[in-house]
Structures are given as structure tokens and as C-alpha cells.
Amino acid sequence: MLDHLKPLPADKILMLTGLFRADERTTKIDLGVGVYKDANGHTPIMRAVKAAEKQLWETEDTKTYTSLPGDAGFHNAMADLVLGDSVDRARLSCCATPGGTGAIHNVCETIKMANPNATIWVSNPTWGNHLSIMKHLGIPFQTYDYFDEDTCAIDFDGMMASLQNVQAGDVVLLHGCCHNPTGANLNRTQWNEVANLIQEKSAMPFIDIAYQGFGDGLDEDAYGARLLAGKFDEMMIAASCSKNFGVYRERTGIVLAVSANADDAKITQATLAHMNRQNFSFPPDHGARLVTMVLSDPALRADWEAELEDVRSGMLVLRQKLADALRDEIGSDRFGFITEHRGMFSRLGLTLEQVLELRETHAIYMVDDSRINIAGLNETNVPIIAKAVASVIR
Ligand code: LMR
């Protein structure tokens, strides 16, 4: 039986983490996997999350099952955070999942169940696991142009031109904010134009929002999700709490689905619960409960928002420092786009050969497509990285 299995292609991001760990050079720099790190390279537990965890330890008196779609308090708190008052709650179905990835998986399966012929349109490039999940589930997908390799900005004309090919009943996957892997994001005018086009095509939007609060702010980063929720009869959202609450290993995510009316929403709700039951039964509760406590308690929430804002503004400072250091090294503004990008990532526009040279010669680890994790930068390594990048592009 098991000898029939074939080796699978390695996940490029996770493979990089393994290579980094195995590298014995003490000077090595990790700009790989999308995990927030402070100036000491440590991924802290956020203060409010730790405080909620202490409270929970004191007060939690059972570990019995929650309900199949997770806890209603979590649903409400996350619907508020992501969607605000953009949609009538009677049309909303919510389901807790193991992380944002679990939510993406369940959204894809729900789409396949509703319409096996629907094509999901994804940006080129997109997070590698989007493609991998769709392949795994046998869901047809196509790509739309998104990134201009020369300017490292959005290729908006290309995006609109390729979305002209979307068919009625298809699904368009959009990154809610902080595009992974490029860091290049739609502005408000572009969101509006994209929304109009998808509506014209009678397609359904699917938003993956994994970095809310890391880009321009909590509300600003939800602009696209809220715009679309207010405009479309139907849409689906996969939201992750891994990054903005720092609860990576607790696997905390949610599906938010907008249906055309309250009756449809009941069936969507039951379908989402069914997906949970088939895939893993009850969703993990610990992280979801911490998130609910943080969002519902005014003091915890204020502290969380303050810490998240420090994280966000710290990354903007690092972006500026890297762009400045590169300008000083190479004498041009070629990398000025780093300060325009938002979120945890920027794709630098280096060739694979240059990325590999940085890895092998300089012990600087970035993903093969030259995506860097901005949170891997610090005062000490920025000049080293700038010198190394200058040397490989010469
Ligand atoms: C990333 O893109 O690095 C993160 O989303 C982590 C992951 O699971 O790939």
C-alpha cells in the first residue's frame, strides 16, 4: 500500500525553514517563513494574549466539546473585526477552523460542493499553498496577472484584462490586504474597479485575509472585505488569527460566508459545520477563546491594538531602513518600492540565481521568488543585507 506513494514536491517556504535550521553559520539571516519576529529574532506572545491565557487558566472548568462550527462569541468577535457593519448579520454564516489554512481548505471544498465546474481565479503570484490546496482538492484554477516584475508594483491593467476572462459562476480569490508574496496591494480605487468587474462577470469573490492590522491599520486593511461584503449577494472569506494575534501554533481561523438571504445563510451555515465534521470534527478552541477574550474585553483589546500598532509601525521603519541602505549601496532607487509595499512581505525582484547566491555565499535566506519577511530585518542585519544584495546584482 504505502509503497505506492510517490514523493511530493516540497513546500518551498517550509523547506527553506529546514535549510536555515541546518545551516551552521552563526551569521545566518532568516527572511523566510512569514512569522513575526522582534528585534532579537524572537516571536513573542502578545501581552493581551498572555493575560487572557492566565485568566482562562484560572476560570476554564471544562474541556468538553464546543459546538461543531465553534463558539458563537468567536464568530461575532471575528465578524466585527473583519466585516464591521458592512453586511446584515442574518446573511452571515461563520465557522471556526484550524488556522486560516483550514478556512481556505473548507471554503474551497464548499465551492467544489456547490459548483464542481467553478474555476477559482488566483493572482499570479499567490501564496503557494493556495495552489497546492486546489490541486489537492481537484479544483480547476486559473491565474490573473497581478504583479509587474519590472516595477515590483501591481500590474493593474494586466489584472483587469485577465479578469475579463472570468466566467459566470467562477470565483475570484483576492488577498484582503498585505499580499503574499509580493507586498503590493490594491488601493481603494482599484478595489472598487475590481469589485465592479467581478460583479459584472457574475462571479463570487473569495477573500483570504491573514494579515489584518499589519498593513495600514485594522480598519484600513479590511477595506476590500467590507466593500465586497456590502456589494455582493454572495462571498466567502478565510481569515487567520495566526499573525495579528501571534497565535500561530494554536491554529485559529474562521470562515465567514455571505449568502443572498437569511434562508440561504442557514444552509451555508450547516454546510460549513458539515465540512468541519468531515475533515476534523470540532475546531480547536484554545486560540479562538483567547482571541474572543482579547476582542471583547476593553482593556485587553486596547493593549492588543497598541501592540499590533507597534508591530505595524516597526515594520514600516524597517522597510524605510532597507530601502535607504540599498539606495546608499547601489546609488539608485531601484528598491524604492519596498517602502510602498505593505504587510509582512516584499518581493525584491531578484533572479533565482541571485537568491541562491545570497543563501550560499552570504547565509541570507529568502524564498526562491525573492520574497523577504520584513520582520526578519533589524538594525544590525539591514546593512549586511543591503551590501550582499548589491554584490549579487552587480
Ligand atoms: C508564509 O507565507 O510564510 C506563511 O503564511 C506561513 C506558511 O504557512 O506558509
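The values are calculated or read from the model by the stated rules, or taken from the named source; none is laboratory data. Quick caveat, the model's predicted, so the values are computed rather than measured. No Cβ is skipped: glycine too gets one built from the backbone with ideal geometry, and neighbour counts run over all protein chains shown. Surface accessibility is based on the protein's heavy atoms, side chains included, excluding ligands, DNA and RNA. Shrake-Rupley method; radii C 1.70, N 1.55, O 1.52, S 1.80 Å.
Helix-only estimate, please: 222 nm mean residue ellipticity of the chain, summing -39500 (n - 2.57) across DSSP H runs of length 4 or more and dividing by its residues, to the nearest 500.
Dividing the helical sum by the residues of the chain leaves -14500 deg cm²/dmol.
As a test, work out the antiparallel percent of DSSP beta bridges whose residues both lie in the stretch 49-296, rounded to the nearest 5.
Approximately 45 percent, going by the DSSP bridge assignments.
Could you sort 168-180, 277-289 so that the peptide with the highest average Cβ count within 10 Å comes first and the rest follow in order?
168-180, 277-289
Say R0 is 45 Å: what FRET efficiency, to the nearest 0.05, do Glu309 and Lys135 get from their beta-carbon distance?
0.75
Kindly identify the stretch 49-296 as rounded, prolate or oblate by the Cα gyration tensor criterion: order the square roots of the eigenvalues as a ≥ b ≥ c, call it rounded if a/c is under 1.5, otherwise compare a/b with b/c, prolate if a/b is larger, else oblate.
Note, shape of the stretch 49-296 comes out prolate.
Quick one: length gained pulling Thr43 to Asp216 fully straight, 0.36 nm per residue minus the C-alpha distance?
The span from Thr43 to Asp216 would gain 60.2 nm if fully extended.
Keeping all protein chains in place, calculate the accessible area per residue for the chain (probe 1.4 angstrom), answer in Å².
I get 45 Å² per residue for the chain.
What order do Met160, Met78 take when sorted by accessible area (1.4 Å probe), most exposed first?
Met160, Met78
Probe radius 1.4 Å, ligands and nucleic acids left out: which of Phe156, Phe345 has the largest accessible area, and how do the rest follow?
Phe156, Phe345
Pull out the extension gain between Phe280 and Val35, defined as 0.36 nm times the separation in residues minus the alpha carbon to alpha carbon distance; nm, one decimal.
85.7 nm
Between Asp333 and Asn76, what's the calculated FRET efficiency when r is the beta-carbon distance and R0 is 56 Å? Round to 0.05.
The calculated FRET efficiency here is 0.75.
Express in Å², to the nearest 10, the accessible area of Ser240 obtained by rolling a 1.4 Å probe over the protein heavy atoms while all chains stay in place.
Accessible surface of Ser240 is approximately 10 Å².
Where in the stretch 364-394 is the amide nitrogen less than 15 Å from a point lying 7 Å along the Cα-to-Cβ axis of Leu356?
What the label zone holds, given the 15 Å backbone N cut-off, is 366-370.
Shape verdict for the stretch 248-394, please, from the Cα gyration tensor: rounded (a/c under 1.5), prolate (a/b greater than b/c) or oblate.
It comes out prolate by the Cα gyration axes.
For the chain, which span is the longest to avoid every loop-located (per DSSP) member of GluC sites (Glu not before Pro) having at most 12 other Cβ atoms inside 10 Å?
Looking at the chain, 150-378 is the longest stretch - no exposed GluC sites (Glu not before Pro) with at most 12 other Cβ atoms within 10 Å.
What does the charge count around Gly128 come to, taking other residues whose C-beta lies under 12 Å from its C-beta (Lys +1, Arg +1, Asp -1, Glu -1)?
0
Between Lys54, Lys243, Lys201, which gets the highest mean-square fluctuation from a Gaussian network model of the chain, Cα cutoff 10 Å?
Residue with maximal mean-square fluctuation among Lys54, Lys243, Lys201: Lys54.
Please give the length that would be gained between Glu60 and Glu200 if that part of the chain were fully extended, namely 0.36 nm times their separation in residues minus their C-alpha to C-alpha distance (nm, one decimal).
45.5 nm
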